[in-house]
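**Student:** Can you keep this structure in mind? I'll have questions shortly.
The values are calculated or read from the model by the stated rules, or taken from the named source; none is laboratory data. None of the values given here were measured: they were computed from a predicted structure. With ideal geometry, Cβ positions are generated from the backbone for all residues, glycine too; neighbour counts draw on all protein chains shown. SASA here: full protein model, heavy atoms, side chains in, ligands and nucleic acids out. Shrake-Rupley method; radii C 1.70, N 1.55, O 1.52, S 1.80 Å.
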Amino acid sequence: MLARAWVAGLAVLAGLAVPLAVATPAAAQTGTFAYVANSFSDTVSVIDIATNTVIGAPIPVGDRPVGVAVTPDGTRVYVTNGDSDDVSVIDTATNTVIATIPVGDGPDGVAVTPDGTRVYVANSGDDDVSVIDTATNTVTDTVTVGNGPAGVAVTPDGTRVYVAVVATDSVSVIDTATNTVIDTVPVGLIPQAVAVSPDGTRVYVTNGGANTVSVIDTATNTVIGAPIPVGPLPRGVAVTPDGTRVYVTNGGANTVSVIDTATNTVIATVTVGVGPFGVAVSPDGSRVYVANSANSNVSVIDTATNTVIGAPIPVGGLPAGVAIGTVTTERTPTKLTLKAKKKGKDKEHPEGGDGDGLTLTAKLTAEGQPLEGKEITFTNAVPLCTETTNAQGKATCKVPGKQDKDTCYTASFAGDDTYLPSTVTLCKKRDDYKPDLSSVLPGQSDVRIPVLSSGMG
């Protein structure tokens with residue numbers, strides 16, 4: 001279907017502490033950034049819009065990322081992965097994935113509620129919308145809509161979600177209080193994307209098969225006026241913060257149509273790169289960012305002149321969705337340490353087998369003080385357990401049975417609105433556990449890595 005085809009560590013050695021390394025804590029990034037989903041390279045690129053340059057390495061996410069949405073406080077980015085049927089959650093302070101949430105088949109469009117508590121994901125292959133609770137990053141509800149949902153948008157008051165439904169040429173309207181469809185609005189052929197005006201009175205829908213944009217009155221949930229002709233294969237749509245202009249990407253013409261909302265007519269056509277897909281407007285309304293899928297770059301439009309400014313910004317392969325968020329709050333760096341203790345020695349395997357398993361103990365602190373009530377996740381290629389820190393900042397995970405010689409264990413704190421995330425890994429080599437320093441995330445100032453005693457003196 002068209003919606004889917006568009007696509008300081010310490011080593012404890014026999015009781016002797018030996019200094020290894022210290023990771024310098026990093027302050028949280030602040031500023032305004034554009035997040036671009038690169039469908040072909042399975043990454044997200046981050047553009048600092050103050051300089052229009054890509055910062056850092058691309059962030060690995062799931063298979064064929066398409067949709068992108070940023071929480072209102074700018075701390076999290078939600079990315080739909082169309083071929084791995086899940087959503088990646090990026091922490092914007094460290095630009096790392098802190099959670100992966102299974103959703104339905106072929107997730108496409110994604111939107112966050114204005115209060116940041118919920119995320120709505122259109123599953124194009126399942127004909128439904130997943131509702132994610134951002135506090136737990138789990139799916140708490142599923143709403144059945146029409147066949148082939150694509151774009152998603154939430155009204156500014158958070159009461160309604162509008163979903164473009166490709167195969168039924170309509171838009172489903174979800175009541176967020178009940179998570180049920182309360183209306184269905186017929187629009188043009190093969191609707192792709194939706195955007196809501198800042199005052200919540202209008203919804204703009206790109207009709208990919210009709211080369212038009214439909215305008216919905218949210219008070220009556222009916223289309224008003226004639227469809228607005230734009231370029232061929234319109235896909236992305238975005239409204240300026242003042243509500244006076246709508247920008248529409250035309251994938252078949254390599255252009256962006258600019259609509260005057262007072263007259264609902266196209267007042268300018270801007271030539272961009274090849275295969276423009278996603279589009280987003282900066283918070284101050286001065287710039288528009290357009291993902292050019294076939295060029296693997298992003299064009300920047302000056303809204304005062306409706307001309308492209310500067311050279312295109314190179315990103316990853318086949319960029320699709322783009323969203324802009326502002327990070328304003330600096331979060332406190334955390335320090336996560338990890339110790340491992342044998343529960344007993346396996347006499348039948350003196351060469352290094354751990355017959356009775358291990359006890360892993362993680363400690364989380366910030367500015368030298370323990371953090372209580374924070375979830376620590378323990379893994380060793382597969383999830384082991386998730387435990388909450390106590391008053392001493394400690395969480396314990398028991399790993400039963402014999403452990404392989406080359407097993408690595410990781411403890412992770414996902415971070416929250418106040419504290420930066422941390423992670424640390426212990427790797428058993430021969431009979432010792434030694435640090436994997438490459439796993440240390442920014443925001444972590446110290447890692448304690450013990451070496452397990454081999455049972456000798």
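**Student:** Run the quick spin-label model on residue 294 and residue 328: label points 7 Å from Cα toward the beta carbon, then report their separation in nm to one decimal.
**Tutor:** Here the answer is 4.1 nm between the modelled labels.
**Student:** Then there's this: Keeping all protein chains in place, calculate the accessible area per residue for region 209-298 (probe 1.4 angstrom), answer in Å².
**Tutor:** Numbers: 3050 Å² over 90 residues.
For region 209-298, the per-residue accessible area is 34 Å².
**Student:** In whole percent, and with a 1.4 Å probe on the protein chains, what portion of the accessible area of region 248-299 is carbon and sulfur?
**Tutor:** Values: 730 of 1580 Å².
Answer for region 248-299: carbon and sulfur cover 46 percent of the accessible area.
**Student:** Net charge within 9 Å of residue 149 by Cβ-Cβ distance, Lys/Arg positive one each and Asp/Glu negative one each, not counting residue 149 itself?
**Tutor:** On the way: positive: none; negative: 108, 126, 127, 128.
Surrounding charge for residue 149 is -4.
**Student:** On to the next question. So for region 181-262, considering every pair of alpha-carbon atoms, how many percent are separated by more than 14 Å? Don't skip to the end; give the middle numbers.
**Tutor:** On the way: 1872 of 3321 pairs.
The answer is 56 percent, as a whole percent.
**Student:** Using only the heavy atoms of the protein chains and a 1.4 Å probe, how would 214, 286 rank by accessible area, largest first? Walk me through the numbers on the way to the answer.
**Tutor:** Values: 214 5, 286 40 Å².
If we order 214, 286 from most to least accessible, we get 286, 214.
**Student:** Let me ask you something else. For the pair residue 263 and residue 138, what calculated FRET efficiency results from E = 1/(1 + (r/R0)^6), where r is the Cβ-Cβ distance and R0 = 45 Å, to the nearest 0.05? Kindly include the intermediate steps, with their values, before the conclusion.
**Tutor:** Values: r = 45 Å, r/R0 = 1.00.
The formula returns an efficiency of 0.50 here.
**Student:** I would also like to ask the following. Tally up the carbon and sulfur contribution to the accessible surface of region 41-151 as a whole percent, 1.4 Å probe, everything protein left in place.
**Tutor:** On the way: 1620 of 3430 Å².
Percent of accessible area from carbon and sulfur atoms in region 41-151: 47.
**Student:** List, in order, the whole-Hz ³J(HN,Hα) value for each residue of region 140-150 obtained from phi through the Karplus relation with A = 6.51, B = -1.76, C = 1.60 and θ = phi - 60°; use x for Gly and Pro.
**Tutor:** 10, 7, 9, 10, 6, 10, x, 7, x, x, 10
**Student:** Taking H as built 1.01 Å from N, whose amide H comes closer than 5 Å to the amide H of residue 170, not counting residues under 5 places away?
**Tutor:** Hits under the 5 Å cutoff: 165, 187.
**Student:** Still on this model: Pairs 342/374; 341/398; 335/402; 374/398: which are spaced more than 21 Å apart, C-alpha to C-alpha?
**Tutor:** On the way: 342/374 25 Å; 341/398 10 Å; 335/402 29 Å; 374/398 18 Å.
Too far apart for the 21 Å limit: 342/374; 335/402.
**Student:** Further question on the same structure: What is the set of long-range amide H partners of residue 420 at a cut-off below 5 Å, with H atoms built 1.01 Å from backbone N?
**Tutor:** 332, 334
**Student:** Enumerate the calculated ³J(HN,Hα) couplings along region 372-387 in order (Karplus 6.51 cos²θ - 1.76 cosθ + 1.60, θ = phi - 60°), each rounded to whole Hz, writing x wherever the residue is Gly or Pro.
**Tutor:** 9, x, 9, 7, 10, 9, 10, 9, 8, 6, 10, x, 9, 6, 10, 10
**Student:** Determine the shape class of region 62-159: with a ≥ b ≥ c the square roots of the Cα gyration tensor eigenvalues, call it rounded for a/c under 1.5, and otherwise prolate if a/b is greater than b/c, oblate otherwise. Please report the intermediate quantities before stating the final value.
**Tutor:** Numbers: a/c = 1.77, a/b = 1.19, b/c = 1.49.
The shape class here is oblate.
**Student:** Calculate the FRET efficiency for residue 271 and residue 63 from the Cβ-Cβ distance with a Förster distance of 35 Å, rounded to the nearest 0.05.
**Tutor:** Numbers: r = 32 Å, r/R0 = 0.91.
For residue 271 and residue 63, the calculated efficiency is 0.65.
**Student:** Okay, moving on. Once you list every other residue whose beta carbon is under 14 Å from the beta carbon of residue 184, what net charge do they have if Lys and Arg are +1 and Asp and Glu are -1?
**Tutor:** -3
**Student:** Next question. Let me know the shape class of region 285-337, please: from the alpha-carbon gyration tensor, a ≥ b ≥ c as square roots of the eigenvalues, rounded when a/c is under 1.5, otherwise prolate if a/b is greater than b/c, or oblate.
**Tutor:** Details: a/c = 3.53, a/b = 1.71, b/c = 2.06.
Oblate.
**Student:** Give me, ordered by chain and number, the residues 5 or more places off residue 408 or on other chains with an amide H under 5 Å from its own placed amide H.
**Tutor:** Excluding prolines and chain starts, which carry no amide H, the hits are 428.
**Student:** Sticking with this one: What is the distance, in nm, between label points placed 7 Å from the Cα along the Cα-to-Cβ direction at residue 182 and at residue 416?
**Tutor:** Roughly 3.2 nm, to one decimal.
**Student:** State, to one decimal in nm, how far the label point of residue 390 lies from the label point of residue 201, with both points 7 Å from Cα in the Cβ direction.
**Tutor:** Computed distance between label sites residue 390 and residue 201 equals 6.0 nm.
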